[in-house]
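Working notes, structure below.
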Amino acid sequence: MDAFSTLIRTASHEQHTEAETSTFMSDLLGGRLGVEAYARYTEQLWFVYRALEDGAAALASDPVAGPFIQPELMRTAELERDLAHLRGPDWREHTAPLPATAAYAARVAECAASWPAGYVAHHYTRYLGDLSGGQIIRDKAEKTWGFARKGDGVRFYVFEQIPNPAAFKRGYRELLDAVNADDLEKQRIVDECKRAFALNTGVFVELGSEFPLSA
Ligand code: HEM
């Protein structure tokens, strides 16, 4: 079997392209949507990261998921600062998950509570993506809506405690390669990763119908 980090990247390549080229993402990154759409997307991320990070503490000593739990990755506080900037201090009072977001967060919470290896799939799909393509999204967002470079509005994409993302990603891939799981369980993790991508695409579909481009 190839290194697990290679396997999971290769196996999710197609879903990655699908997520990346979804109508909502293309419109957002193409500068065709207003800051309201970006704010709504950021809100959805908040629900997902709450599920990822509320579950993290209890998994810190888990033999499978434990090595992946690293405080420098945590995004909830950054999302909250971004949302306060985007929506004002009372943003919590009028925020709600889209149905697809609720389903995504529920699946993450379910894995966190009962299947640590499945949680690893969700962890990989979000955090390695944020450290990669997230940087492209930040750059576009700064230019499109005028946020200060690495400032309020885009703090979610700024990992203050990870000065060298490329090195961090290499270390992360080593963790994946050493994951405490047999081949069958690794295959299940890959399947859950594909599901994680599909859950992301589902959120993009609903955001796309909330923010259609007037033809
Ligand atoms: C327009 C949106 C996106 C762009 C431009 C983008 C771009 C990229 C790029 C350039 C890489 C390669 C980084 C490298 O080789 O080191 C990458 C990796 C990755 N992206 Fe995305 N991405 C986007 C959306 C997403 C989404 C929605 C997800 C899932 C939630 C995601 C998850 C990942 C993951 C997990 C990796 C790491 C692959 C690996 O090396 O194992 N990306 N992305």
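The values are calculated or read from the model by the stated rules, or taken from the named source; none is laboratory data. As the structure is a prediction and not an experimental result, all values here were calculated from the model. All Cβ positions, glycine included, derive from the backbone under ideal geometry; neighbour counts span all protein chains shown.
What tally of residues in segment 93-121 results from selecting those that are of a type in the set (Val, Ile, Thr) and surrounded by fewer than 17 Cβ atoms within 10 Å (Cβ to Cβ)?
Result for segment 93-121: 1.
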Please state which of the following conditions residue 64 fails to meet, knowing it meets all the rest: (1) outside any helix (DSSP H, G or I); (2) within 13 Å of the ligand (Cβ to nearest atom). (2)
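Is there a residue being under 20 Å from residue 169 (Cβ atoms) and part of a helix (DSSP H, G or I) anywhere in segment 20-32?
Pass one, segment 20-32, residues under 20 Å from residue 169 (Cβ atoms): 20.
Imposing the further condition that a residue be part of a helix (DSSP H, G or I) reduces the set to 20.
Yes, that holds for at least one residue.
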Answer from 67, 97, 63 - the residue that is under 18 Å from the mean Cα position of the chain (by Cα) and either at pLDDT below 95 or on the phi < 0 side of the Ramachandran plot (or both): 97
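Sort through 112, 102 and tell me the only one that's touching a residue at least 40 places away in the same chain (Cβ under 8 Å) and under 26 Å from residue 61 (Cβ atoms). First the steps, then the outcome.
Working: 102 fails: under 26 Å from residue 61 (Cβ atoms).
Being touching a residue at least 40 places away in the same chain (Cβ under 8 Å) and under 26 Å from residue 61 (Cβ atoms) holds for just one of 112, 102, which is 112.
With without any contact (Cβ under 8 Å) to a residue 40 or more places away in the chain and either within 21 Å of residue 70 (Cα to Cα) or buried (at least 16 other Cβ atoms within 10 Å of the Cβ) (or both) as the only criterion, which of 171, 133 stands out? Before you say what the answer is, go through the steps one by one.
On the way: 133 fails: without any contact (Cβ under 8 Å) to a residue 40 or more places away in the chain.
So the residue among 171, 133 that is without any contact (Cβ under 8 Å) to a residue 40 or more places away in the chain and either within 21 Å of residue 70 (Cα to Cα) or buried (at least 16 other Cβ atoms within 10 Å of the Cβ) (or both) is 171.
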Cβ contacts < 7 Å: first residue over 14 Å from residue 36 (Cβ atoms), restricted to segment 83-97; second residue of a type in the set (A, V, I, L, M, F, W, C) and in a helix (DSSP H, G or I), any location; separation 6+ or different chain. Result? 84/91; 97/47; 97/105
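Please determine, by comparing only the residues of segment 171-210 that are small (Gly, Ala, Ser) and assigned to a helix (DSSP H, G or I), which one is nearest to the ligand (Cβ to nearest atom).
The initial filter retains those residues of segment 171-210 that are small (Gly, Ala, Ser), namely 171, 178, 181, 196, 198, 202, 208-209.
Cutting the leftovers down to assigned to a helix (DSSP H, G or I) gives us 171, 196, 198, 202, 208-209.
Numbers: 171: 13, 196: 7, 198: 10, 202: 11, 208: 13, 209: 17 Å.
Only one residue fits best here, namely 196.
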Top-ranked residue of segment 2-59 - restricted to ones that are more than 11 Å from the ligand (Cβ to nearest atom) and among the polar types (S, T, N, Q), ranked as surrounded by the fewest Cβ atoms within 10 Å (Cβ to Cβ): 23
Which of the following residues is in contact with a Gly (Cβ under 7 Å, 6 or more places away or on another chain) and closer than 21 Å to residue 26 by Cβ: 144, 125, 101? 144
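Which of the residues that make up segment 143-162 are of a type in the set (Lys, Arg) and crowded, with 18+ Cβ neighbours inside 10 Å?
Quick first cut of segment 143-162, residues of a type in the set (Lys, Arg) only: 143, 149-150, 155.
Selection gives 155 alone.
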Of the listed residues (112, 39, 100, 121), the one being over 23 Å from residue 186 (Cα atoms) and touching an Asp or Glu at 6+ places or on another chain (Cβ under 8 Å) is 100
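Restricting to segment 81-107, give me the number of residues that are within 21 Å of residue 119 (Cα to Cα) and of a type in the set (Val, Ile, Thr). Steps first, answer last, please.
Our first condition is that a residue be within 21 Å of residue 119 (Cα to Cα); within segment 81-107, this holds for 97, 99-107.
From what is left, the residues that are of a type in the set (Val, Ile, Thr) are 101.
Matching residues across segment 81-107 total 1.
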Considering only segment 113-161, state which residues are assigned to a loop (DSSP other than H, G, I, E, B) and within 11 Å of the ligand (Cβ to nearest atom). 132, 133
